[in-house]
Every structure is written in C-alpha cells, then in structure tokens.
1. Can you give me the number of residues within the range 359-368 that are within 14 Å of Trp55 (Cα to Cα) and assigned to a loop (DSSP other than H, G, I, E, B)?
2. I'm told Ala214 meets every condition in (1) outside any strand (DSSP E or B); (2) surrounded by 20 or more Cβ atoms within 10 Å (Cβ to Cβ) except one. Can you identify the failing condition by its number?
3. Of all residues in the range 182-211 being open to solvent by 10 Å² or more (accessible area, probe 1.4 Å) and part of a strand (DSSP E or B), which is farthest from Val161 (Cα to Cα)?
4. Any chance you could count how many residues in the range 86-138 are closer than 22 Å to Pro59 by Cβ, assigned to a strand (DSSP E or B) and either touching a Lys or Arg at 6+ places or on another chain (Cβ under 9 Å) or of a type in the set (A, V, I, L, M) (or both)?
5. Under 9 Å by Cβ, and 6 or more places apart or on different chains, what pairs join a residue from the range 36-48 that is small (Gly, Ala, Ser) with one that is at pLDDT 90 or above and in a loop (DSSP other than H, G, I, E, B)?
6. Going through the range 218-246 one residue at a time, which ones are of a type in the set (D, E, K, R) and either open to solvent by 30 Å² or more (accessible area, probe 1.4 Å) or in a strand (DSSP E or B) (or both)?
7. So which of Val367, Val318, Val337 is out of contact with any Asp or Glu (no Cβ under 6 Å at 6 or more places or on another chain) and of a type in the set (Val, Ile, Thr)?
8. Out of curiosity, is Gly323 assigned to a loop (DSSP other than H, G, I, E, B), over 18 Å from the mean Cα position of the chain (by Cα) and touching a residue at least 40 places away in the same chain (Cβ under 8 Å)?
Amino acid sequence: MPSSSDSVSRRQFLQTTAAAAVTIAGAPMVLTASKTDKPLIVGEGDHQFEVQHNWPQLPDQFKWQTTHNVAVDKAGNLYVIHEGRTDMKDHPSIFVFDSDGKYIRSFGSQFQGGGHGIEIRQEGKQEFLYVCAYQHLKTFAKMDLRGGIVWQRYAPMESGVYAKGENTRPEDRPDPTKIWGPERFLPTNFAFLDDGGFLLVDGYGASYVHRYNADGKWLSSFGGVGEGEGKFATPHGIWVDKREGREPSIVVCDRAHHTLQYFTMDGKYLETIKGFGLPANVETWKNLMVVPELHARVTLLNEKNEVVARLGDDVARVTTEKGIREDKSKWLDGKFVHPHDACFASDGSIFVAEWVGTGRVTKLKKVT
C-alpha cells in the first residue's frame with residue numbers, strides 16, 4: 001500500500017469516477033467474458049483474448065508484492081518488476097519467466113521499496129534492461145538481462161528543477177523520508193529514441209520529461225506541473241509512437257488529467273486525447289496501442305487512436321465500491337482491478353501488471 005504522502009491521483013482515486021466514465025467518441029461496446037464459455041475470452045472482432053490471471057508462477061521462497069511494470073525480451077521471456085517492500089531488502093524486485101510462465105531467475109534487490117519502470121532495448125547484438133525506481137530510491141539504471149549494472153544515475157541537477165540532494169543515494173541524504181513534491185525526482189518510465197538516447201519521465205516528482213543521450217547524459221527537458229497544453233499532473237507513462245501511417249511522436253500518459261498528450265520528437269505540444277481513467281502507460285504493436293488504466297480496464301486503440309476494444313472493464317464497480325484492491329475475494333474472473341502497465345508479446349498477446357499489494361500479472365493470450 002502506498003503511504004498517505006502519495007500523489008494526488010492516488011489519494012483521490014475514488015473521487016475521479018466522472019472522468020473515468022468519459023469515453024472516446026465512437027468507442028465500441030464492451031464485450032465481457034461469458035460466464036459459461038471456457039476458456040475465458042474478452043474482446044471482440046479481431047481483438048479477442050483468452051484471460052489467464054496469475055499466469056507466471058513464483059517459487060515458494062519468493063513472495064508476490066505490489067507488481068508495477070512488465071517487459072518482454074526477444075526470446076519471449078517476461079520481466080516483472082515489483083515496487084517491493086523496504087522491510088524485505090534482500091528480496092529480489094525483478095523476476096524473469098519463460099514463455100510458459102515458469103520462473104527462470106531473479107535479481108534487483110537494490111530496487112526494493114521503489115521498483116517501478118522496466119523496459120528492454122536491443123543495442124547491437126545485446127539486449128539491455130532500463131529500470132527506474134521512485135520512493136526513497138530516486139534512481140534509474142541500465143542493466144544487462146541478468147541484472148548486471150552498466151550504469152546508474154540519479155536526478156539531473158543540470159535541469160535546474162530539483163531540490164538540493166536529489167541526486168544523491170538515500171543513505172547519503174540527511175532525511176531520506178521526505179521524498180515527494182514538485183522539486184523531487186521520482187522517475188516512473190522510459191521511451192527509446194532512434195539515435196540511441198532515451199526519454200525518462202518523472203511521473204511523481206517535478207513532472208518533466210528528460211531527454212538523455214546513449215551514455216545516460218542529460219540533454220534537455222519539457223513539461224512540468226500545471227494545467228493546459230504541455231503541462232502535466234502525474235505524467236506516469238511515455239512511449240514513442242511510430243505506428244505506420246503516423247508521424248513519429250512522443251505520447252505521455254498525463255494520468256491525473258485522465259488524458260494522453262502527444263508531442264513532436266522535439267517536445268512541442270501536438271494534441272490531447274481524452275477518455276481514460278488514470279492511464280498509466282502505453283505501448284504499441286503493429287497498428288495497435290495498449291493503454292492500461294488504473295480505473296479497471298485495458299484499452300486498445302488503432303492507428304487513428306480510435307478505441308477498438310476495452311478489455312476486462314470493471315470501472316463502475318472498482319471506482320465506487322471500497323476495499324476491492326485489498327480483498328482478492330472481490331476480484332472477478334475476466335475483470336481488472338488496477339492495471340498499472342501492459343506490454344505486447346511478439347504474437348500480439350498482452351501481459352498486464354496490476355497495482356495490487358499481493359501482485360497480479362495476467363496474460364491476455366491473443367485468440368484472433
């Protein structure tokens with residue numbers, strides 16, 4: 001469970017139902033799973049998926065904690081990062097499962113208590129993990145697929161937006177418990193650039209998007225806390241949208257505003273797409289974009305950003321009934337509670353990680 005000092009979007013989770021109810025014009029009717037059909041199928045038309053809740057299996061010596069993000073490597077292995085608990089500092093925060101959901105390995109105890117974003121990038125002949133951690137950790141790192149650190153960074157002080165000491169390790173700070181606020185560094189997710197650089201979004205802190213070169217050197221920023229075009233309230237997720245037929249552009253999940261904001265590759269505002277309930281991240285596959293929403297559903301958009309499916313929709317119940325997040329007996333098969341991240345497998349199947357204390361990763365196996 002997050003502390004009471006969490007972001008506005010979390011503190012007001014149950015007070016934002018009106019925004020969740022907004023739908024994009026032309027959105028299709030939700031097709032929920034049949035109570036009698038087996039296997040459990042959600043979606044419609046060309047976008048149908050078999051729901052496999054709790055798909056990966058942890059060995060008994062490990063414990064599911066709050067699951068945050070997911071990524072898939074070229075071999076089809078799934079990487080799951082937990083926020084992790086500070087009182088379990090030796091427990092891994094990152095777990096790797098094969099294409100059958102069987103445990104392979106784990107690492108990343110240094111991210112316990114703040115593990116958040118995880119992405120995989122092919123660089124030459126090798127793949128690398130990019131990991132970021134918020135809460136007291138305030139850091140991001142490039143790693144190999146077995147957990148070896150290539151480099152690790154802290155707040156980009158040269159950006160001029162952070163309080164003194166935000167670029168230090170928690171053990172070197174006078175008071176590491178004072179971690180939230182608009183002058184703090186609380187990174188949440190990455191997006192990759194064609195020149196080898198990357199974008200890092202500071203979702204819970206200063207609310208800027210930072211641009212880095214391939215060596216992890218800070219170059220520039222855009223965004224910041226505020227209302228209106230180009231400003232954010234919890235810019236939690238980020239991606240470079242290069243789907244066919246679209247001009248490459250940056251899409252940011254402006255979570256507490258319940259929107260996606262689009263920018264040019266230079267960071268200039270383009271447009272805002274409404275109709276979401278706390279969108280947490282985005283990823284693309286072929287002509288599709290997947291948007292996991294903390295308000296209990298996963299949305300698929302086509303290349304025109306028209307809604308083509310709403311998967312596992314349980315928005316009305318989750319946003320009005322208290323205690324669902326903490327009570328697994330209230331979770332319904334084929335329905336989501338709080339999707340926090342989603343990524344595509346090579347065949348178009350989708351893995352969904354939910355922001356629940358007991359952890360839950362669901363595989364949506366593509367049917368058609």
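1. Selection size over the range 359-368: 1.
2. It is condition (2) that Ala214 fails.
3. Filtering the range 182-211 for residues that are open to solvent by 10 Å² or more (accessible area, probe 1.4 Å) and part of a strand (DSSP E or B), the one farthest from Val161 (Cα to Cα) comes out as Phe192.
4. 9
5. The qualifying pairs are Gly43/Val367.
6. Glu227, Glu229, Lys231, Asp241, Lys242, Glu244, Arg246 - these are the residues of the range 218-246 that are of a type in the set (D, E, K, R) and either open to solvent by 30 Å² or more (accessible area, probe 1.4 Å) or in a strand (DSSP E or B) (or both).
7. When all the criteria are applied, what remains is Val318.
8. Criteria not met by Gly323.
The values are calculated or read from the model by the stated rules, or taken from the named source; none is laboratory data. Being a predicted model, the structure only gives us computed values, none of them experimental. Please note: Cβ atoms are built from the backbone with ideal geometry, for glycine as well, and neighbour counts cover all protein chains shown. The area values use the complete protein model at the heavy-atom level, side chains included, leaving out ligands, DNA and RNA. Shrake-Rupley method; radii C 1.70, N 1.55, O 1.52, S 1.80 Å.
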